[in-house]
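What follows is one structure encoded as structure tokens, with my remarks underneath.
The values are calculated or read from the model by the stated rules, or taken from the named source; none is laboratory data. All values reported here derive from a predicted model rather than from experimental measurement. So basically every Cβ, Gly included, is an ideal-geometry build from the backbone, and we count neighbours across all protein chains shown.
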Amino acid sequence: MSLRPTRKTRLDGFDLKILSALADQGRLTKTDLAERAGLSATPCVVRMGRLEKDGYIRTYHADIDLERLAGLKPFWIRLRHMTRDPVTEGRLRELIAACPFVLVADTLDLSKETGTEWNLNLVATDPDHLDALLSPFREAGFVPDIRAVSRRLLPPLPLRLGAMLKALSGD
């Protein structure tokens, strides 16, 4: 299976191996990365620089265990609002930006009669903390529905991304 290029660079199997290896282990040395990609060091570093320049690699970061660090547990919240207008969406964006505990926010457009629904993945220490985090959303007219306390069934995204890229590269 090949990827359709979304930028000017066309990705090949070596590029996907580089991305897969970095998704699995972002702290690889250039030599180890080249070995995993099946390249010598210089061409691997050149490809890596191109992947960074073209936006395929946006940043490097650590996958920090928030529960171990601060006792934060993930929650999935559904927010509903009966109106669909730019002002309401703008207000929600402001509330999300002001809440550092929101990890992911997605929207679902419903019918004009039922409004709009947003799904938030956020972290909180306990139900009281979660309630305090949701208070500004309630005050702005959003109706929160706690869908679930997240239980991780799959490895975190970077590990899944590596597996997905390996599958796309045909390895």
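Brief remarks follow.
- Residue count for region 51-79 under the criterion of being at pLDDT below 90 and either of a type in the set (A, V, I, L, M) or touching a Gly at 6+ places or on another chain (Cβ under 6 Å) (or both): the result is 9.
- From GLY49, GLY71, residue being more than 20 Å from the chain's Cα centre (by Cα), under 12 Å from VAL123 (Cβ atoms) and surrounded by 11 or more Cβ atoms within 10 Å (Cβ to Cβ): GLY71
- Taking residues in region 19-42 that are farther than 16 Å from ILE57 by Cα, and partners anywhere that are basic (Lys, Arg), the pairs with Cβ atoms closer than 8 Å and at least 6 places apart or on different chains are ARG36/LYS17; GLY38/LYS17; LEU39/ARG47; ALA41/LYS30.
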